[in-house]
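Please read the structure below before turning to the comments.
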């Protein structure tokens with residue numbers, strides 16, 4: 001059950017590509033956090049669009065939270081958690 005304080009639904013855009021171990025790790029982090037936070041994850045394969053590929057080819061995986069907070073590789077659970085809770089971990 002999701003906690004009330006964490007009830008806001010977050011829009012997550014996840015830029016990745018196939019055969020990317022860092023992308024697999026980031027996906028695992030997002031799935032784990034999705035158990036405690038309401039998130040709608042839109043995964044975009046950067047190989048599907050040349051403009052997106054050019055923008056992100058050197059930085060994937062990239063996670064954009066609520067259209068305003070961007071994290072690129074390496075994706076750390078603590079960084080996403082800090083955004084989602086508004087609290088910096090100790």
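Output the qualifying pairs, or none if there are none: Cβ atoms under 9 angstrom, residues six or more apart or on different chains, first residue in segment 1-14 and at negative phi and in a loop (DSSP other than H, G, I, E, B), second residue modelled with pLDDT of 65 or more and exposed (fewer than 10 other Cβ atoms within 10 Å of the Cβ).
Short answer, once both residue conditions are applied: 2/35.
So, in segment 77-90, how many residues would count as being touching a helix residue (DSSP H, G or I) at 6+ places or on another chain (Cβ under 9 Å) and either without any contact (Cβ under 8 Å) to a residue 12 or more places away in the chain or assigned to a strand (DSSP E or B) (or both)?
So the count comes out to 3.
Every residue, every condition in (1) at pLDDT 95 or above; (2) touching a strand residue (DSSP E or B) at 6+ places or on another chain (Cβ under 8 Å); (3) more than 13 Å from residue 80 (Cα to Cα); (4) buried (at least 16 other Cβ atoms within 10 Å of the Cβ), yes or no:
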residue: 13; (1), (2), (3), (4): yes, yes, no, yes
residue: 16; (1), (2), (3), (4): yes, yes, yes, yes
residue: 22; (1), (2), (3), (4): yes, no, yes, no
residue: 31; (1), (2), (3), (4): yes, no, no, no
residue: 49; (1), (2), (3), (4): yes, no, yes, no
residue: 62; (1), (2), (3), (4): yes, yes, no, yes
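Among what's in segment 33-47 and is assigned to a strand (DSSP E or B) and in contact with a helix residue (DSSP H, G or I) (Cβ under 8 Å, 6 or more places away or on another chain), pick the residue that is surrounded by the most Cβ atoms within 10 Å (Cβ to Cβ). First the steps, then the outcome.
Initially, segment 33-47 is screened for residues assigned to a strand (DSSP E or B), giving 39-45.
Adding the requirement that they be in contact with a helix residue (DSSP H, G or I) (Cβ under 8 Å, 6 or more places away or on another chain) leaves 39, 41, 43-44.
Numbers: 39: 21, 41: 15, 43: 14, 44: 17.
Among those residues, the one meeting the criterion is 39.
The values are calculated or read from the model by the stated rules, or taken from the named source; none is laboratory data. Bear in mind that the values here come from a model prediction, so they are computed numbers and not experimental data. All Cβ positions, glycine included, derive from the backbone under ideal geometry; neighbour counts span all protein chains shown.
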